[in-house]
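Down below is the structure, laid out as structure tokens.
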Amino acid sequence: MVSRSYSNLLDLASGDSPSFGGERKRFPRVATVPGLLSEVDDETCNSVCSEAPSSVSQERMIIVGNQLPLRAHRNEDNGEWCFSWDEDSLLLQLKDGLGEDVEVIYVGCLKEQVALNEQDDVAQTLLETFKCVPAFIPPELFTKFYHGFCKQHLWPLFHYMLPLSPDLGGRFDRSLWQAYVSVNKIFADKVMEVISPDDDYVWVHDYHLMVLPTFLRKRFNRVKLGFFLHSPFPSSEIYRTLPVRDEILRALLNSDLIGFHTFDYARHFLSCCGRMLGLSYQSKRGYIGLEYYGRTVSIKILPVGIHIGQLQSVLNLPETAAKVAELRAQFRGQTVMLGVDDMDIFKGISLKLLAMEQLLMQHPENRGEVVLVQIANPARGRGRDVQEVQSETYATVKRINNRFGRPGYDPVVLIDTPLQLYERIAYYVIAECCLVTAVRDGMNLIPYEYIICRQGNEKLDETLGLDPSAPKKSMLVVSEFIGCSPSLSGAIRVNPWNIDAVAEAMDSALIVSEAEKQLRHEKHYRYVSMHDVAYWARSFLQDLERACGDHLRRRCWGISFGLGFRVIALDPNFRKLSVEHIVSAYRRTKNRAILLDYDGTLMPTGSLNTTPNIEAVGILNNLCQDPKNLVFLVSGKDRKILTEWFSCCKKLGLAAENGYFIRPNHDSDWETCVSLPDFDWKQIAEPVMKLYTETTDGSTIETKESALVWNYLYADPDFGFCQAKELLDHLESVLANEPVSVKSGQHVVEVKPQGVNKGLVAEHLLTTMRQKGKLPDFVLCIGNDRSDEDMFEVIMRAKTSPRLSPVAEVFACTVGQKPSKAKYYVEDRSEILRMLQALANASEQAAKTAPTPASCGGLIINRE
């Protein structure tokens, strides 16, 4: 039997043995290492990604969606399965934008259930004929996955419906969540069967598969992975109610590119990442990026378009012209307003009907003249809410027609039977206005389709008795809560909950001038034509290629378990500082300088108790006892507190208030690094800070001898950040003529004398040691935030200057993986203490073996 790790799926499908010497087929390429993930927490599967680029030149895109873009039915004669492309599927239509040189493979479910004994044959047929890989989900599992977690939890929540009672979405059911994860894992297994991880791009679609990126990233750390959400993403106040909120966010962040239809949806996602995961984003040259463990997750904002070619081909059909003629005769002398919606609770059909009723009440002249045709497509979900929408819709239509109808005239025509595409298009063609009153919808492409159909063609113009050379016209009334609304600047936007406003908008659409209708149509047609589905797909692929551009350059490895899994990606020159490496260098040297930061370095960030613990003080004392060491602690605290805290460390050098005050040891006096005649500027800055403190709950002012610090660590993250930006601008304005600098840091805005920074401490230390004739041959500097970068810059620059020994070992080390001028990093405070303890132990061992003390070097510790 042929091993799966060497076999090609197409060879297996055809029954041929794989060839090891011939030319490699482009499709399908298989994973370079066999095996599937067996469990969410399966740590036995190592990441697979070859370092060498593939020899295959043709790009390939694996498109993953809940459903394959196929239609399936059984042949009535022989009972065999018959398959064909589903031309209405977005996943099929987007292929037009990827280019002919891009191979496309689809992974997803079939709409029909396939018996277990037929699955192998069906999979072989789909693979050979359509390049589709079906994921066969057991019926019971699929019900829990799709009708359970997707439709009962995610779909309502993403459309702003909270499960306030069992009838509204239902309480959270963990078994449904487990089914959701299981199905996502099945999809991941199918992708792994065909992926070549170094070459292929993977594009995952919609909320059904939001944890799929974790499974793929876990298996292939450098997989080129994009995700697009086709539904709304709710505000953080709504999303945070989801019990598995962190798991889904972290799973999405395992993508390289995450796409949304509108800025609002992207903004809500970024807000959730900030509030729940503590992540911040940046916008550079028009691109939004989230820094996540050394990886930049790009955010794409682009609404999807429609397949114009498909609509135009249907417009050219004789059946369409015949249907248009039929409808024209049916509604002769009447103005048709059209609504096309799914029969679900978010599409606002009942609100639209109520607005129509209001229109006929307030404007009697429209009775007999205006008809609302409502096409109600079958609901995609099921349950009590769908039945309630149907009942309310039928009752409202009946009431309106009974009240305002007369023989030969029904104000509302409800079509709740499935229509052929050409029939729906015919309604678009004859409608003077299209109404979309959804209370929440991810995108909604109905207005786009309407615009293209109203452009028509010569045959339809002839059918309608129009001049082909005359400008076309159309009118749109759209809800402000749908994704396409921002793109349709010529539409009348409405709040669908305001029935009176919708009725007035409908009336305005009826009475607007012909010239105005033409201008609005021209504007919309130009936009929709330029931003079709091919443009959307092409733009997404270009951004995905850009987002994955540095994959092979970075070193990657995975950490954590289950859905908390993530990949750390680092620059090749940025590496973890190992204890063995630094201890080895420490033992070889005799003039050592060490600088350490305190908050976030020797003490946890955000700790309420910032007093140094016995362990840290003991380690510092032991390091100071070595005559080869000069140890310095650099802190933002004031000198009084530092003197009190470290009174027992007689040989420890201290730098207070970020370098403004320096004391070489306990027996020396405090000195200032910068001379400042006065601090009159405080009388200007402090009242401004007090104003922002009063208006920003959770913020405080820290008054130092040389500086003022406004801290918003415990304020609302978004509001605090906005207030900090305002305060920074305000202070820079009022202190423009003062000898101070205004800087923003991690949850702080600080005003301090010009030139004061932690880099002064490093300069002072290296200069002092050189003046004493002791060039440092070992320098260790550890810090954790932006203020410590000044120290890193000084010691890295000193490597090429005469202030260090030509053979000096320099270790600039930051805490955590992040962009830094440092060349090394450690994970957290506990690693720092272990490393410093190892250095202290090395000094103690050296003291036992050496009878005479060695010359003193320099060691600097930053206390913050």
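Values computed for the structure shown
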item: Subset tally (residues that are open to solvent by 10 Å² or more (accessible area, probe 1.4 Å) and more than 37 Å from the chain's Cα centre (by Cα)) for region 430-454; result: 2
item: Hits in region 399-423 (condition: surrounded by 23 or more Cβ atoms within 10 Å (Cβ to Cβ) and within 37 Å of the chain's Cα centre (by Cα)); result: none
item: Which numbered condition LYS218 misses (of (1) over 18 Å from LEU544 (Cα atoms); (2) in contact with a Lys or Arg (Cβ under 7 Å, 6 or more places away or on another chain); (3) open to solvent by less than 30 Å² (accessible area, probe 1.4 Å)); result: (2)
item: Subset of region 744-795 that is small (Gly, Ala, Ser) and over 27 Å from LEU727 (Cα atoms) - its residue that is farthest from the chain's Cα centre (by Cα); result: GLY773
item: Verdict on SER350 being part of a helix (DSSP H, G or I), in the same structural domain as LEU460 (by the TED database) and within 38 Å of the chain's Cα centre (by Cα); result: yes
item: One residue from ILE662, ILE684 being surrounded by 13 or more Cβ atoms within 10 Å (Cβ to Cβ), assigned by the TED database to the domain that holds VAL748 and farther than 30 Å from GLY278 by Cβ; result: ILE684
item: Hits in region 237-246 - residues which are open to solvent by less than 10 Å² (accessible area, probe 1.4 Å) and assigned to a helix (DSSP H, G or I); result: TYR239
item: Answer from ARG566, ARG538, ARG555 - the residue that is basic (Lys, Arg), at pLDDT below 75 and surrounded by 13 or more Cβ atoms within 10 Å (Cβ to Cβ); result: ARG555
item: Tabulated pairs, region 696-707, first more than 22 Å from VAL740 (Cα to Cα) and outside the structural domain of HIS747 (by the TED database), second modelled with pLDDT of 90 or more and of a type in the set (D, E, K, R), C-beta under 9 angstrom, 6+ apart or interchain; result: none
item: Residues (surrounded by 19 or more Cβ atoms within 10 Å (Cβ to Cβ) and among the hydrophobic types (A, V, I, L, M, F, W, C)) located in region 575-596; result: LEU577, ILE582, ALA593, ILE594, LEU595, LEU596
item: Any hit, region 277-287, residues being without any contact (Cβ under 8 Å) to a residue 60 or more places away in the chain, closer than 18 Å to GLY442 by Cα and of a type in the set (D, E, K, R); result: no
item: Qualifying positions in region 809-832 - surrounded by fewer than 20 Cβ atoms within 10 Å (Cβ to Cβ), on the phi < 0 side of the Ramachandran plot and small (Gly, Ala, Ser); result: SER830
item: Failed criterion for GLY773 (all others in (1) open to solvent by 40 Å² or more (accessible area, probe 1.4 Å); (2) modelled with pLDDT of 90 or more hold); result: (2)
item: Unique match (being surrounded by fewer than 21 Cβ atoms within 10 Å (Cβ to Cβ) and assigned to a helix (DSSP H, G or I)) among LEU249, LEU164; result: LEU249
item: Test: GLY606 is modelled with pLDDT under 90, on the phi > 0 side of the Ramachandran plot, not hydrophobic (A, V, I, L, M, F, W, C) and not assigned by the TED database to the domain that holds TYR293; result: yes
item: Residues being touching a helix residue (DSSP H, G or I) at 6+ places or on another chain (Cβ under 9 Å) and more than 19 Å from ILE306 (Cα to Cα) - total across region 85-103; result: 1
item: Condition broken by GLY99, with the remaining ones in (1) under 30 Å from the mean Cα position of the chain (by Cα); (2) outside any loop (DSSP other than H, G, I, E, B); (3) of a type in the set (Gly, Ala, Ser) satisfied; result: (2)
item: Residue pairs meeting the criteria (Cβ under 6 Å; at least 6 apart or on separate chains; first over 15 Å from ARG592 (Cβ atoms), in region 762-791; second open to solvent by 60 Å² or more (accessible area, probe 1.4 Å)); result: ASP785/GLN746; GLU789/LYS821
item: Residue in region 156-166 that is farther than 30 Å from PHE481 by Cα, free of Cβ contacts under 8 Å to residues at least 24 places away in the same chain and over 28 Å from the mean Cα position of the chain (by Cα) present; result: no
item: Hey, GLY339 in the same structural domain as VAL439 (by the TED database), among the small types (Gly, Ala, Ser), touching a residue at least 12 places away in the same chain (Cβ under 8 Å) and part of a strand (DSSP E or B) or not; result: yes
item: Subset of region 630-682 [over 45 Å from the mean Cα position of the chain (by Cα) and either assigned to a helix (DSSP H, G or I) or of a type in the set (Asp, Glu) (or both)]; result: LYS640, THR643, GLU644, ASP667, ASP669, GLU671, ASP678, ASP680
item: Total residues in region 665-676, condition free of Cβ contacts under 8 Å to residues at least 60 places away in the same chain and either more than 30 Å from ASN629 (Cα to Cα) or open to solvent by 80 Å² or more (accessible area, probe 1.4 Å) (or both); result: 4
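For (1) touching a helix residue (DSSP H, G or I) at 6+ places or on another chain (Cβ under 9 Å); (2) modelled with pLDDT under 90, each residue gets a yes or a no:
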residue: LEU727; (1), (2): yes, no
residue: GLU732; (1), (2): no, no
residue: HIS747; (1), (2): yes, yes
residue: ASN757; (1), (2): yes, yes
residue: LEU760; (1), (2): yes, yes
residue: CYS781; (1), (2): yes, no
residue: ASP785; (1), (2): no, yes
residue: LYS799; (1), (2): no, yes
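The values are calculated or read from the model by the stated rules, or taken from the named source; none is laboratory data. All values derive from a computational prediction rather than experimental measurement. Glycine also receives a Cβ, built like all others from the backbone with ideal geometry; neighbour counts cover every protein chain displayed. Ligands, DNA and RNA are stripped out before the accessible areas are found, and what is left, the full protein with its side chains, is counted by its heavy atoms. Shrake-Rupley method; radii C 1.70, N 1.55, O 1.52, S 1.80 Å.
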